[in-house]
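To keep things clear, I will list the structure first and then write my remarks on it.
The values are calculated or read from the model by the stated rules, or taken from the named source; none is laboratory data. This structure is a prediction, so every number in the text was calculated from the model and none was measured. Neighbour counts run over all protein chains shown; Cβ positions are idealised from the backbone, glycine included. SASA here: full protein model, heavy atoms, side chains in, ligands and nucleic acids out. Shrake-Rupley method; radii C 1.70, N 1.55, O 1.52, S 1.80 Å.
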Amino acid sequence: MSATVDNISQVEFGTELEPFEPDTSLSATSAFAEAVGWGTGRGGRFSDHEAARKEGFPGALVPGIMNMGFLTSMIHRWSPVAEVIYVDTVFRAPVVADEPCTISAVITDVDEDEGIVELDLTVKNAKDETRVFGTARVRLPAA
Amino acid sequence: MQVDIEDLKSKYLNLEFDRKDFVLDPEKVVMVAKMSGETLPQFCDPDHPDFQAPPAFIASLASGRHLPVDFPKIGGVPMDGGKAVTVLKPVRPGTPLTGRTHLHDIYDKSGRSGRMIFLVSRMEIFDDSGEHVATSDSRQVIREKSQ
């Protein structure tokens, strides 16, 4: 694992964060959905492949906002002192539970005076198809 | 006849249509953080002095209704087009919060399969002292019915 970032002076425009492969298992998506109140009321969409297929999905889904969680977790792994002050995610296509996906991010702007970094974020499946993308703005301490 | 986006905007934008109270359950906040791969203690340990909800949990807070009560039917079943969260202050589990929701934006995009209408509902979240602590935007996408 690469060294973590402690302050804004260590951030370089264009840097790619170390990719992160989150846990998309059915047990994880079920637990997440249950915790946000989407467990029983959504017909097993996040917890049961067969039930999700009956609804027309390719399989049980990773909840859209769980992808937002993956993205912010990745930022915190890169810099444990980063405060995520804004994150925007666009759900382009479903992310299916029990299928691997990779989270990546690249630094797109660095404002050293304000201590603000912007990143572009992507969730891709094993076929390298973008399923979710987004942007984040994080605050980092001065050097 | 196509839906008139400017007419919808003039009638519905920036008018609060829902208000809902929340108290976030610390155990559920921890579960969401851990299942997202979060490792920082301020999101995973309820005893941490800076314990707070991660953005994904804030995005899960749902208003009592998705649209104003008299909003016209403009197409098929809305799809979840995405979420955005702005964190102004830490959102503390176990304390009273109030979400006030309004329509923040309405816009359209046209493609080969027709016109898609985007409705952005914005929930502004306030703590029990009335301080605005976070904002959660929810984009609904509706495919316009062909005439």
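Kindly establish whether A:Asp120 is under 18 Å from A:Asp6 (Cα atoms), more than 9 Å from chain B (Cβ to nearest Cβ) and either assigned to a strand (DSSP E or B) or open to solvent by 60 Å² or more (accessible area, probe 1.4 Å) (or both). Even if it seems obvious, please write down each step before you answer.
Working: under 18 Å from A:Asp6 (Cα atoms): no; more than 9 Å from chain B (Cβ to nearest Cβ): yes; either assigned to a strand (DSSP E or B) or open to solvent by 60 Å² or more (accessible area, probe 1.4 Å) (or both): yes.
No; evaluated as a whole, the condition is false for this residue.
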Seminar exercise, completed: Within the range B:11-52, the count of residues that are open to solvent by 80 Å² or more (accessible area, probe 1.4 Å) and of a type in the set (Ser, Thr, Tyr) comes to 1
Problem set entry | Check on A:Glu114, more than 24 Å from A:Leu26 (Cβ to Cβ) and in a loop (DSSP other than H, G, I, E, B) | yes
Problem set entry | Those residues of the range A:110-143 which are among the small types (Gly, Ala, Ser) and either under 24 Å from B:Lys83 (Cα atoms) or not assigned by TED's automatic domain parsing to the domain that holds A:Phe91 (or both), in sequence order | A:Ala126, A:Gly134, A:Ala136
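Among residues belonging to the range B:34-65 that are assigned to a helix (DSSP H, G or I) and over 24 Å from B:Ser121 (Cα atoms), point out the one that is nearest to the other protein chains (Cβ to nearest Cβ).
Ranking the candidates gives B:Met35 first.
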Exercise. Does the range A:29-48 contain any residue that is closer than 16 Å to A:Phe133 by Cα, of a type in the set (Ser, Thr, Tyr) and surrounded by 22 or more Cβ atoms within 10 Å (Cβ to Cβ)?
Worked result: no
Exercise. So A:Thr108 clears everything in (1) more than 10 Å from chain B (Cβ to nearest Cβ); (2) hydroxyl-bearing (Ser, Thr, Tyr); (3) part of a helix (DSSP H, G or I) except one condition, right? Which one?
Worked result: (3)
Seminar exercise, completed: All conditions in (1) within 16 Å of B:Leu8 (Cα to Cα); (2) of a type in the set (A, V, I, L, M); (3) surrounded by fewer than 17 Cβ atoms within 10 Å (Cβ to Cβ) are true of B:Met116 except (3)
Exercise. Can you tell me which residues in the range A:39-62 are under 16 Å from B:Met31 (Cα atoms) and either within 11 Å of the chain's Cα centre (by Cα) or of a type in the set (A, V, I, L, M) (or both)?
Worked result: A:Val62
For this session: Filter the range A:58-96 for residues that are among the hydrophobic types (A, V, I, L, M, F, W, C), over 15 Å from B:Gly37 (Cα atoms) and more than 7 Å from every other protein chain (Cβ to nearest Cβ) and give the result.
Result: A:Ala60, A:Leu61, A:Val81, A:Ala82, A:Ala93, A:Val95, A:Val96
Problem set entry | Residues located in the range B:1-27, provided they are outside any loop (DSSP other than H, G, I, E, B) and free of Cβ contacts under 8 Å to residues at least 40 places away in the same chain | B:Glu6, B:Asp7, B:Ser10, B:Lys11, B:Glu27
